[in-house]
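A.B. asks: Sharing a structure with you now.
The values are calculated or read from the model by the stated rules, or taken from the named source; none is laboratory data. Computed from a prediction, not measured in an experiment: that's the story for all the values here. Positions of Cβ are generated from backbone atoms using ideal geometry, with glycine treated the same way; all protein chains shown enter the neighbour counts. Side chains are part of the model used for accessible areas, which takes the heavy atoms of the whole protein and leaves out ligands, DNA and RNA. Shrake-Rupley method; radii C 1.70, N 1.55, O 1.52, S 1.80 Å.
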Amino acid sequence: MNDILLNSLFFGVMVSFVVYEIGMFARKKCGFAILNPLLFSIVVLILLLAVFDIDYETYNAGAKYLSYFLTPATVCLAVPLYEQFELLKKNVWAIMAGIVSGVLTSVVCVLVLSVLLGLSHKEYVTLLPKSITTAIGMGVSQELGGVVTITVAVIIITGVFGNIVAEFICKFFKIEEPIARGIAIGSSAHAVGTAKAMELGEIEGAMSSLSIAVSGLLTVLAASVFARFF
């Protein structure tokens, strides 16, 4: 019976959904930011695969189909942006300035830390696309000669960390303007951070959604330039 279950194409999907729902339940019950459902799912799934000696290929045979929903899910983020389109037109220059600032802050921080920590060029370009969505970040890393698998891991970690600390950071620095909060979260923590922005409010979610697309395009350009600096 166990062999049949493990060999099923739906095994990875089923386990992923169950673990994520448990994470959602734990988050709602406890209210702790650290109990992020995505982070919870990653940790629990790793433990399950290790404890029950299930190889990754068996799990991924079914779980890989979840990635097919990544693109349509990202496209759906345009809906809240459309609903706030008038607000976007009124503040377009301030919004663009915020996104550009977010992109430059990301790549400059990677450059400075790479110099301070003595990283190699390959490690440096691997980290450059850390704050953009996975689909774009993988392409940037590969084009620049980075390690794509590490880039994916760093992007996920960045998104989860941003999701966890976003609300605290906004409160700590007294950032109360919805547009500013949305732009800051979206340009630094991509789609995973946008999930938190949507929890904070409709405007935050819309501006964060916009930031994902624009930040991705600007980071492609910025990474190509900054890759030559180190």
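A.B. asks: Looking at the stretch 15-59 only, could you name the residues that are open to solvent by 90 Å² or more (accessible area, probe 1.4 Å), aliphatic (A, V, I, L, M) and more than 21 Å from the chain's Cα centre (by Cα)?
C.D. replies: LEU47, VAL51
A.B. asks: OK, next. Does GLY216 fit the bill of being farther than 21 Å from PRO37 by Cα, under 18 Å from the mean Cα position of the chain (by Cα) and crowded, with 21+ Cβ neighbours inside 10 Å?
C.D. replies: Against the criterion (farther than 21 Å from PRO37 by Cα, under 18 Å from the mean Cα position of the chain (by Cα) and crowded, with 21+ Cβ neighbours inside 10 Å), GLY216 qualifies.
A.B. asks: A follow-up question, please. Which of the residues belonging to the stretch 187-199 are open to solvent by 40 Å² or more (accessible area, probe 1.4 Å) and at pLDDT 90 or above?
C.D. replies: Here is the first cut: in the stretch 187-199, the residues open to solvent by 40 Å² or more (accessible area, probe 1.4 Å) are 188, 195, 198-199.
Answer for the stretch 187-199, where residues must be open to solvent by 40 Å² or more (accessible area, probe 1.4 Å) and at pLDDT 90 or above: just SER188.
A.B. asks: Hey, among GLY146, GLY193, which residue is out of contact with any Phe, Trp or Tyr (no Cβ under 7 Å at 6 or more places or on another chain), closer than 21 Å to VAL214 by Cβ and of a type in the set (Gly, Ala, Ser)? It would help to see each step written out before you state the result.
C.D. replies: Values: GLY146 fails: closer than 21 Å to VAL214 by Cβ.
Testing whether each residue is out of contact with any Phe, Trp or Tyr (no Cβ under 7 Å at 6 or more places or on another chain), closer than 21 Å to VAL214 by Cβ and of a type in the set (Gly, Ala, Ser) leaves just GLY193.
A.B. asks: For PHE161, are the conditions met, namely being open to solvent by 60 Å² or more (accessible area, probe 1.4 Å) and closer than 24 Å to ALA78 by Cα?
C.D. replies: Yes: the conditions hold for PHE161.
A.B. asks: Just wondering, is there one or more residues in the stretch 84-94 that are open to solvent by less than 80 Å² (accessible area, probe 1.4 Å), polar (S, T, N, Q), closer than 26 Å to GLY145 by Cα and in contact with a Gly (Cβ under 9 Å, 6 or more places away or on another chain)?
C.D. replies: No: the stretch 84-94 contains no residue that is open to solvent by less than 80 Å² (accessible area, probe 1.4 Å), polar (S, T, N, Q), closer than 26 Å to GLY145 by Cα and in contact with a Gly (Cβ under 9 Å, 6 or more places away or on another chain).
A.B. asks: Another question, then. Given the conditions (1) in a helix (DSSP H, G or I); (2) in contact (Cβ under 8 Å) with a residue 12 or more places away in the chain; (3) in contact with a Leu (Cβ under 9 Å, 6 or more places away or on another chain), and given that LEU38 satisfies all but one, which numbered condition is not satisfied?
C.D. replies: Result: LEU38 passes all but (3).
A.B. asks: Can you find a residue in the stretch 176-186 that is open to solvent by 10 Å² or more (accessible area, probe 1.4 Å) and without any contact (Cβ under 8 Å) to a residue 12 or more places away in the chain?
C.D. replies: Within the stretch 176-186 (the criterion being open to solvent by 10 Å² or more (accessible area, probe 1.4 Å) and without any contact (Cβ under 8 Å) to a residue 12 or more places away in the chain), the answer is yes, since at least one residue qualifies.
A.B. asks: Conditions first: (1) assigned to a helix (DSSP H, G or I); (2) over 19 Å from the mean Cα position of the chain (by Cα); (3) not basic (Lys, Arg). ILE175 passes all but one, so which condition is the exception?
C.D. replies: It is condition (1) that ILE175 fails.
A.B. asks: Based on what the data block shows, is VAL152 of a type outside the set (Gly, Ala, Ser) and either touching a helix residue (DSSP H, G or I) at 6+ places or on another chain (Cβ under 8 Å) or open to solvent by less than 30 Å² (accessible area, probe 1.4 Å) (or both)? Talk me through it step by step, then tell me what you get.
C.D. replies: Details: of a type outside the set (Gly, Ala, Ser): yes; either touching a helix residue (DSSP H, G or I) at 6+ places or on another chain (Cβ under 8 Å) or open to solvent by less than 30 Å² (accessible area, probe 1.4 Å) (or both): yes.
Considered against the rule, which asks whether it is of a type outside the set (Gly, Ala, Ser) and either touching a helix residue (DSSP H, G or I) at 6+ places or on another chain (Cβ under 8 Å) or open to solvent by less than 30 Å² (accessible area, probe 1.4 Å) (or both), VAL152 comes out as yes.
A.B. asks: A further question on this structure: Which of the residues that make up the stretch 120-155 are without any contact (Cβ under 8 Å) to a residue 40 or more places away in the chain and assigned to a loop (DSSP other than H, G, I, E, B)?
C.D. replies: Once the filter is applied, which keeps residues that are without any contact (Cβ under 8 Å) to a residue 40 or more places away in the chain and assigned to a loop (DSSP other than H, G, I, E, B), the stretch 120-155 yields SER120, LYS130, GLY145, GLY146, VAL147.
A.B. asks: May I ask you to list the residues in the stretch 187-230 that are in a loop (DSSP other than H, G, I, E, B) and either closer than 22 Å to LEU111 by Cβ or free of Cβ contacts under 8 Å to residues at least 12 places away in the same chain (or both)? Even if it seems obvious, please write down each step before you answer.
C.D. replies: Filtering the stretch 187-230 down to residues in a loop (DSSP other than H, G, I, E, B) leaves 201, 230.
Matches in the stretch 187-230: PHE230 only.
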